[in-house]
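The values are calculated or read from the model by the stated rules, or taken from the named source; none is laboratory data. Treat the numbers as computed from the prediction; the structure is a model and nothing was measured. So basically every Cβ, Gly included, is an ideal-geometry build from the backbone, and we count neighbours across all protein chains shown. Keep in mind that these areas ignore ligands, DNA and RNA; they rest on the heavy atoms of the full protein, side chains included. Shrake-Rupley method; radii C 1.70, N 1.55, O 1.52, S 1.80 Å.
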Amino acid sequence: MSKPVLFLLIVLSGSVCAEVTENFRVAYYPVYVHSGATLFSQFNAASTIRENGEVFHGYTHWDIHWSYRWNTDTSGR
């Protein structure tokens, strides 16, 4: 890495900040296996997670939002 780029990274690193917000939630649902039934079919029957006619045994949702704020001084820097 060249010295000017390294210098620029060091100078800018003091004025850069990031904030991370995380939400975590777990919701359990009971699954009872009846004699003669497969575990897979009982998971399908018990699952509360359904979308567009499909059944899911688990669900993960993530979303990233980027936000930039540019500050300039009177000289335009």
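Hey, if we sort Asp63, Asp73 by accessible area with the 1.4 Å probe, largest down, what's the order?
Heavy-atom accessible area, descending, gives Asp63, Asp73.
With both labels modelled 7 Å from their Cα along Cα-to-Cβ, the Phe40 to Thr60 distance reads 2.2 nm. Between Asn23 and Thr48, the modelled label-to-label distance comes to 1.6 nm, taking each label 7 Å out from Cα in the direction of the beta carbon.
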